[in-house]
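For reference, the structure discussed in these notes is given below.
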Amino acid sequence: MKISIRAFFTVLVAFIAISRSAFAVVYPLPANNSRLVGENIQVVVPAGNTLPLEHFAAQYQMGLSNLLEANPGVDVYLPTPGTVLTIPQQLLLPDLPREGIVINSAEMRLYYYPKGSNTVVVLPIGIGDLGKDTPLDWTTTIQRKKDGPTWTPTAAMHAEYAARGETLKTVFPAGPDNPMGLYALYVGRLYAIHGTNANFGIGLRVSHGCVRLRADDIKYLFKNVPVGTQVRFINEPVKATTEPDGKRYLEVHNPLSADEEEFNSLEPLPVTLTPAVNTVLQDVTVNQDAVARTIQLRSGMPSPIS
C-alpha cells in the first residue's frame, strides 16, 4: 500500500479511536482558520479479487459514491486485480460551526463533532432517493433515540411497492431484518438517522428520505450522541478554502439531480458556486485553469488551485 507519513498518521488516529468509535474515521480538528484534514491513500486491488467495490468502500469507511468519484471508470461490481484505488480520506470540513452533527447530502457524509474532544468523526451515509429527498437545508435536533426500532411503512410506501407487484409488511419488527437496522436517532416526525440491513446502499440515493449508516457507524452514534444534539442538513457539492499558509483548495462533488430529466441526462449537471466559494476562487493567486479542471473532474477530493 502506498501511503505517506501524514496519511499513516491519519490512519493511526482512526485505528487508535476504533475501540471507542466503532471503526469511524476520526480526524483531529485543524486550527479555526483551517478546514483541510486528512490525507488520501492508495491501495491495490489484490490478485484474484472476487469482491465488489462496496467491499473496499466499507473497509476504508467510504460511501460507494466517494470511491466512484475518486476512481472514475473503476468496475463497481468487480474491480480488476492490480487496479490502484484512491481512498479519498482528505477532505474539507463544511464551512459551518464545528458543533453537533452536519449532514452534507451532496457528498453523502455525516460530520459529528463530539463536544470537548477537538476531533471530528466522519461517516459515509445513504440518502433519500429522487423524489423522496433527504432534507437539504434544515436545522433540527436529535429528539429521541431507539435501540431496536420498528418500521411502519406509510400508505404511500405500500402503494409504491404494490405498483411493482411487491407486498410490504404492515410493521417490520425490531431485529436484523428491519430496514432501519438496529438503532435509530429520530430528528423529526418523518426523518431519522438509522442503520440498514443492506449496506450496499451507503453512498447512494436509496432511502425514503432518512439517513442510512452501516451497522457499526449507527451503533457508535447511538452510544455517543446525546439527545438534544443539533443536526444541520446541507446540500453543498462545492467547498473551497484558503488555508493559513495561503494555499487554496477546491473540492467538487457531483450535484444531486433535482428531477427525472436531470437524473436521466447524459450531460453533467451544472455546478453552482456559492458566494463563499467565489470569494476563494476570485483571488489573483488562483489558477483558473486548475479551477476549471477541478470542476470538470468532480473527484470529490480537495485540489490545490493556487
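Here are a few things to note about the model shown:
- Placed amide H near residue 29: partners under 5 Å, 5+ positions off or other chain: 119, 120
- When you restrict to C-alpha pairs under 8 Å that are six or more residues apart and normalise by the size of the chain, the relative contact order lands at 19 percent.
- Whole-number percent relative contact order across the range 238-304, with pairs defined as alpha carbons under 8 Å at least 6 apart: 47 percent
- DSSP beta bridges in the chain [antiparallel fraction, %, rounded to 5]: 85 percent
- Arranged from fewest to most other beta-carbon atoms within 10 Å of their beta carbon, 211, 238 become 238, 211.
- The distance linking the range 228-264 with the range 176-205 is 23 Å (Cα centroid to Cα centroid, whole angstrom).
- Residues 306, 265 arranged by fewest to most Cβ contacts within 10 Å: 265, 306
- Most mobile listed residue (285, 86, 242) in the chain, GNM with C-alpha springs under 10 Å: 285
- Inter-site label distance for residue 292 and residue 263 at 7 Å from Cα along Cβ, in nm: 3.4 nm
- The value of relative contact order for the range 177-306, using C-alpha pairs under 8 Å at least six residues apart, is 20 percent.
- Cβ-based charge dipole, the chain, positive-most Cα from 33, 202, 281: 33
- Taking label points 7 Å from Cα along the Cα-to-Cβ direction, residue 274 and residue 115 give a separation of 2.5 nm.
- Using just its DSSP H runs of length 4 or more, each adding -39500 (n - 2.57), the chain gives a mean residue ellipticity at 222 nm of -6000 deg cm²/dmol after division by all residues.
- When the charge dipole of the chain is built from unit charges on Cβ atoms (+1 for Lys and Arg, -1 for Asp and Glu) and taken about the Cα centre, the candidate among 77, 130, 211 whose Cα reaches farthest toward its positive end is 211.
- Neighbour-count order for 151, 138, fewest beta carbons within 10 angstrom listed first: 138, 151
- 5 angstrom amide H check on residue 303, placed H, neighbours 5+ away: 250, 251
- In this structure, the residue pairs whose Cα-Cα separation is over 20 Å, taken from 115/219; 219/239; 115/146; 115/145; 146/223; 145/219, are 219/239; 115/146.
- For the range 158-255, size of Cβ-based charge dipole, Lys and Arg +1, Asp and Glu -1, in debye: 140 debye
Since every read-out is calculated from the coordinates, none of them should be taken as a lab result. No experiment lies behind these values; they were computed from the predicted model shown. In this analysis, Cβ positions are derived from the backbone assuming ideal geometry, glycine residues included, and neighbour counts consider all displayed protein chains.
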